[in-house]
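What follows is a single structure, written as structure tokens, with notes after it.
No lab work stands behind these numbers, since they all come straight from the coordinates. A quick note: this is a predicted structure, and the numbers were derived from the prediction, not measured. As a convention, Cβ positions derive from the backbone with ideal geometry for all residues, glycine included, and neighbour counts pool all protein chains shown.
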Amino acid sequence: MDFSLLTTQQRKAFDCDGFLVVANALSKQQVSALTEITDHKARAFLDKHDVPLRAEYNQLDLRPGLLKYPETIALLTNASTVPLVAQLLSPNIHLHSTALIYKRPSDPNLPPMRRGWHRDIRIPRDLGHENLPRVGIKVCYCLTDFHEKNSGLTLLARGSQELNGPLVIPKGEVDPQGLEICDLKLNAGDAFLFDNRIYHTASPNRSNRVSKVLMFGYAYRWMKPEVYLDNPDQKRLHAFDPVTRQLLGGYTDIDTPAWALQAWAKKNKVNPEPVPWHVEIQT
């Protein structure tokens, strides 16, 4: 995997906002090739009749079967984004989830769509909301332009990764109070990274075109991947380079060190400091 340095400014922005925009994460050629693949995967959805008065029925959220193509496998180690993930988390990561999300246009005169504000990976259900750790980061790749408000991109509540409780949403409203709701304006080929703890939600597509994104989620290797994630067999795994093999779950024992990305991080001088089990003191 080629190296991109996470700058001090980028780290501060991610820590503060809970997300980070990466412009031009994909080339025009990559966008075209990936769109050809995803359009094929989404063909049944694209060909069906829409339901103009029900925006939630005009959305495709497809998760399995996205790692069967060289172009999507290459995205696993995208040099513009994944090195940043490894520096924000650690080399001890793997692929946790994949998602293809398409949204057909819906009537712009409809009332605001009911949201689904949530945090990823569901750890609040077991640990509560207080002092949650960052354990995963998703990368969202734009395959279409998102130049206008309500054009189908995920909404983000800036800074909400630091909240120690549930969102407060006034009765009759759809968005929380006291937080900046970010509806990012991005180009096809841009990407953004977001923290598993940030509150986010699907939004309607009030534009005149289908919105298209690909999401790849990464998490620490001790986080179980989502059940629908493609599980390549060992024969196929050995055909990949060491970093791709690690990200695809090539180390079945989580106590096996993450050799591939550790070597990559050491080579590029971004290996995190070791955490000792004990320290000696003078008595």
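Using C-alpha pairs below 8 Å separated by at least 6 residues, the relative contact order for the chain is 28 percent. In order along segment 180-192, the phi-based Karplus estimate (6.51 cos²θ - 1.76 cosθ + 1.60, θ = phi - 60°) of 3J(HN,Hα) comes to 7, 8, 9, 10, 5, 9, 9, 9, 4, x, 6, 9, 9 Hz; Gly and Pro are listed as x.
Per-peptide packing, taken as the mean over residues of other Cβ atoms within 10 Å, places 154-162, 229-237, 247-255, 80-88 in the sequence 80-88, 154-162, 247-255, 229-237 from highest down. Residues considered: Leu110, Leu62, Leu75. Largest GNM mean-square fluctuation over the chain, using C-alpha springs under 10 Å, is found at Leu110.
Close amide H pairs (under 5 Å, H built 1.01 Å from N) link Ala42 with no residue at least 5 positions away or on another chain. Here the Karplus relation 6.51 cos²θ - 1.76 cosθ + 1.60, evaluated at θ = phi - 60°, turns the backbone of segment 153-163 into coupling constants of 8, 4, 8, 10, 9, 3, x, 6, 5, 8, 5 Hz, with x for every Gly and Pro. Given springs between every Cα pair under 10 Å in a Gaussian network model of the chain, which of Asn205, Asn164, Asn92 has the largest fluctuation? Result for the chain, Cα springs under 10 Å: Asn164 fluctuates most.
Going down the table (Lys28/Lys212; Lys41/Lys212; Lys224/Lys267), which pairs top 18 Å between alpha carbons?
Values: Lys28/Lys212 15 Å; Lys41/Lys212 12 Å; Lys224/Lys267 28 Å.
Going by Cα-Cα distance, Lys224/Lys267 fall outside the 18 Å limit.
Working note: 222 nm ellipticity from helices only, DSSP H runs with n ≥ 4, each -39,500 (n - 2.57), summed and divided by the residues of the chain, gives -6000 deg cm²/dmol to the nearest 500.
Relative contact order for segment 1-136: what is it in percent, counting Cα pairs under 8 Å that are at least 6 residues apart? Walk me through the intermediate numbers first.
On the way: 92 pairs, mean separation 44.1, N = 136.
Relative contact order here is 32 percent.
Of all the options Lys269, Lys28, Lys185, the one that moves most in a Gaussian network model of the chain with Cα springs shorter than 10 angstrom is Lys269. Given [x] 71, 46, 33; [y] 75, 71, 31; [z] 90, 67, 35, which label gives Cα extents along the principal axes in Å as computed from the coordinates? The listed entry that was calculated here is [x]. Distances between placed amide hydrogens fall under 5 Å for Gly217 paired with His96, Ser97, Thr98, Val139, all partners being 5 or more residues away or on another chain. The residue among Gly116, His94, Val51 whose Cα reaches farthest toward the positive pole of the charge dipole of segment 34-168, with charges on the beta-carbon of Lys, Arg, Asp and Glu, is Gly116.
Residue-wise, which Karplus ³J(HN,Hα) couplings in Hz belong to segment 42-47, taking 6.51 cos²θ - 1.76 cosθ + 1.60, θ = phi - 60°, and x for glycine or proline? Values per residue, Gly and Pro as x: 9, 4, 4, 5, 5, 8 Hz.
Set the Cα radius of gyration of segment 85-221 against 2.2 N^0.38 Å, with N its number of residues, and you get 1.08. Centre-to-centre separation between the Cα atoms of segment 238-275 and those of segment 28-93: 24 Å.
Two numbers describe the Cα atoms of segment 111-180: Rg and Dmax, which are 14.0, 38 Å.
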